[in-house]
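Down below is the structure, laid out as structure tokens.
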Amino acid sequence: MKFRSKIIDIGCLNHFTRVVTTISKLTKTCVLRLTPDNLYFVLSGKVGNGGVGLWCELSQAKFFDEFQLEGVSAEANEICLELAPDNLSRALKTAQNAKTVKIKLTKKHCPCLTIAAELPTMSSTSRVVTHDIPVDVIPKRLWNDFKEPSMPDFDVSIYMPPLKIMKNVVDRMKNLSNFLVIEANMNGEMNLKIETDLVSVTTHFRDLGNPPWAGGDGSQAGANSQRDPETMVQARVDVRKLQQFLMGQQFNPSKAMCNIVQNTIIHLILLYEDVSLQYFIPAVA
């Protein structure tokens, strides 16, 4: 089992750092799944038990100049590592001006991801800063827990308003209640609502648009194809979990979408060129 890679392009390094930093703000631990073509950051939260779920997919060719992987076997050419993304984020931040950054799987006192950054110097000698990030190797028998989650059979799918605006609204609502209702319809309308014994506050967003999800016959996927476009679908969620998602964004997605299963789950999707991030927030009664 071997893994070694190299990043030379400073833009790719900065972008990769922003993605890892985003992950670090969403979870304290996660699984890094390495395959020959992609990297995945996975939090296999038991949504049914109130936990959030996370799936972030990156194309390795868009970030790495070199990428060599030998998995556990020829048939299972993957490596799954559990790590603290904040450790990886901090290591990468110290390498922002590096000439090259090498990332490899090593065996020190325990398995580690070793980050070696060659920093620029005024002399001809190179200066290399090394970080050893402890990891746990996930055995193959547990890999099924870290496969891509299936798309929920949502009732409504809608593009999200600008995330900074949405974050400002949620930040204010958090001071009023621990829970927030997100509701949306297939007419491009979304409402954020707080309702308590003392106060009722609603923020309306209009003309957001709805993603053109299509089924096999070209029709819209899910039950929303037969639904009245004006009918609102809602889910009540822990406002802190939504706030954490909005606070964590370090890259500006080209598309941000929200899928809602009535009173069950909110499925958030961010897309940016070579990165996709999915976040699952369970509804509460």
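The values are calculated or read from the model by the stated rules, or taken from the named source; none is laboratory data. Nothing here was measured: the structure is a model prediction, and the numbers come from that model. We place every Cβ from the backbone using ideal geometry, glycine too, and count neighbours over all the protein chains shown. Each accessible area value is taken on the protein alone, full model and side chains, heavy atoms only, with ligands, DNA and RNA left out. Shrake-Rupley method; radii C 1.70, N 1.55, O 1.52, S 1.80 Å.
Some observations on this one:
- Taking the criterion of being free of Cβ contacts under 8 Å to residues at least 40 places away in the same chain and within 18 Å of the chain's Cα centre (by Cα), the residues of region 113-172 that qualify are K147, S150, P162, K164.
- Any chance N263 is of a type outside the set (A, V, I, L, M, F, W, C) and touching a His at 6+ places or on another chain (Cβ under 7 Å): no
- Residue within region 113-121 that is among the acidic types (D, E) and under 30 Å from A285 (Cβ atoms) present: no
- Of all residues in region 222-275, those being more than 22 Å from T27 (Cα to Cα) and in a loop (DSSP other than H, G, I, E, B) number 12.
- Candidate set from region 51-68 (those that are open to solvent by 30 Å² or more (accessible area, probe 1.4 Å) and not polar (S, T, N, Q)); member that is farthest from L119 (Cα to Cα): E57
- Odd one out for F154, checked against (1) in a loop (DSSP other than H, G, I, E, B); (2) of a type outside the set (V, I, T); (3) at pLDDT 95 or above: (3)
- Selection count where residues are crowded, with 17+ Cβ neighbours inside 10 Å and either closer than 22 Å to N185 by Cα or polar (S, T, N, Q) (or both), scope region 265-275: 6
- Selection of region 1-31 for residues being among the hydroxyl-bearing types (S, T, Y), open to solvent by less than 50 Å² (accessible area, probe 1.4 Å) and not in a helix (DSSP H, G or I) yields S5, T27.
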